[in-house]
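Have a look at the structure below before the remarks.
Readers should treat all values here as calculations from the given coordinates under stated rules, not as data from a laboratory. All of these numbers come straight from a predicted model, not from anything done at the bench. Here the Cβ positions follow ideal geometry from the backbone for every residue, glycine too, while neighbour counts run over all protein chains shown.
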Amino acid sequence: MNVNFIFVIFLLLNFNIGLAQNVNHTDNEPDNKISSQRFDLKFPRDHNAHKEFKIEWWYITANLKNENGDSFGIQWTLFRSRSELDNNKATKHFKNPWISDQVWMAHAAVTTKNGHYYEEKFSRGDTGQSGVEISPFLAWIDDWEFSSNNDWSKASLKANGKQFSYELNLESDGPLILHGDDGKSIKTKDGHFSAYYSQPFFKIEGKLIINNESFDVQGNAWADREWSNAILGPNQEGWDWISIHLDDETKLMIFRVRDSKRGDFYSGTFVSDQKQKISLEGKDIKMKPLKYFNRKNIKNKKKSKVPIEWNIVIKSHGIDLKLKALNKNSFVDSLIPYWEGPITLSGSHQGFGYLEMTGY
């Protein structure tokens, strides 16, 4: 059997192991440094990797238009997972970066009204193929890069695949937003949580190529940073996450974590036109699916109903929206499949955003 094939299978299995441990982990383990009541997030330190935690990501989504008004969505994500491999036990005399407990995975995607294109990459440990650095900031895998100055006020983003590539410049005109209690974001009724902050104020422009056709594009981008030992518990089926840029210069992030036994958990953040954060609780949020897309998973052949139109109500802020997917078939059919794509808005406000759905 091909040695490279064996290695890839070994790497994928360990990434799945890492995610499974993330689900079942409790907050009582001593390596969980974010279990205190208040966080002490500092930058640029916390733009860096937190390798003692079991799951982490650097996530950028963007809503773009070209000069003709055509809509595009792009995604760039670097994931890191820690497995239970012990390099010291695995090798008696020296550490081998190929037997690292750190596994990296990356996704890049482009979405149009009629097309959805994505690519997936993997890397093991400290081989130099992937990683994160600060001062200046750089997150990379192969030639895919998210780079920035220390405060994320100016950044660049690039990725490529068989049918697309993009090179984009980003500039923020607002602060980082720490979700929840100073960045401690509760995710379930059992108290699972993550460290979670965003840069929702990125303006973005650059070049996008799809099937050898080039577009000059510009728009808005949203960057998310999150790490945890236990985002979900054993009864949670997945989550529905939405980020929105509204036409009155306010911004909104909301999510629900679906729980088959105890009921769904809702949380979110409203950002005022003065760029001030207001935390939202479950009672503040209404997320109602309106229309579903019947989809057959190409990997496991199972059929599922995926909500592609939603009614979103945040009564305390006068928000009553209908959200509609730009492309209903925006599945990233990767090792861990999920739905991720741009959305359009109608109702109390105009605007645009991004929707992510897992577990369907």
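Data overview
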read-out	value
FRET efficiency estimate (nearest 0.05) - Cβ-Cβ, ASP247 to GLU67, R0 22 angstrom	0.60
Anchor LYS328: aspartates and glutamates whose Cα lies under 13 Å away (excluding residues fewer than 8 positions away in-chain)	GLU309, GLU340, GLU356
Two-site FRET efficiency, ASN169 against ILE134, from Cβ-Cβ distance with R₀ of 25 Å, rounded to 0.05	0.80
Within segment 258-360, GluC sites (Glu not before Pro) in DSSP loop having at most 11 other beta-carbon neighbours inside 10 Å	GLU281
Sorted by Cβ neighbour density within 10 Å, fewest at the top, the residues THR111, THR344	THR344, THR111
Out-of-range pairs (alpha-carbon distance over 30 Å; input LYS203/LYS296; LYS54/LYS207; LYS187/LYS288; LYS65/LYS189; LYS251/LYS303)	LYS203/LYS296; LYS54/LYS207; LYS65/LYS189; LYS251/LYS303
Per DSSP, loop trypsin sites (Lys or Arg not before Pro) in segment 236-292 with at most 13 further Cβ within 10 Å	LYS261, ARG262
Within-12-Å neighbourhood charge of ASN160 [Cβ basis; K, R +1; D, E -1]	-1
Cβ crowding within 10 Å averaged over residues, with 140-147, 311-318 ranked highest first	140-147, 311-318
Segment LYS296-THR344, length gained on full extension (0.36 nm per residue, minus Cα span)	14.8 nm
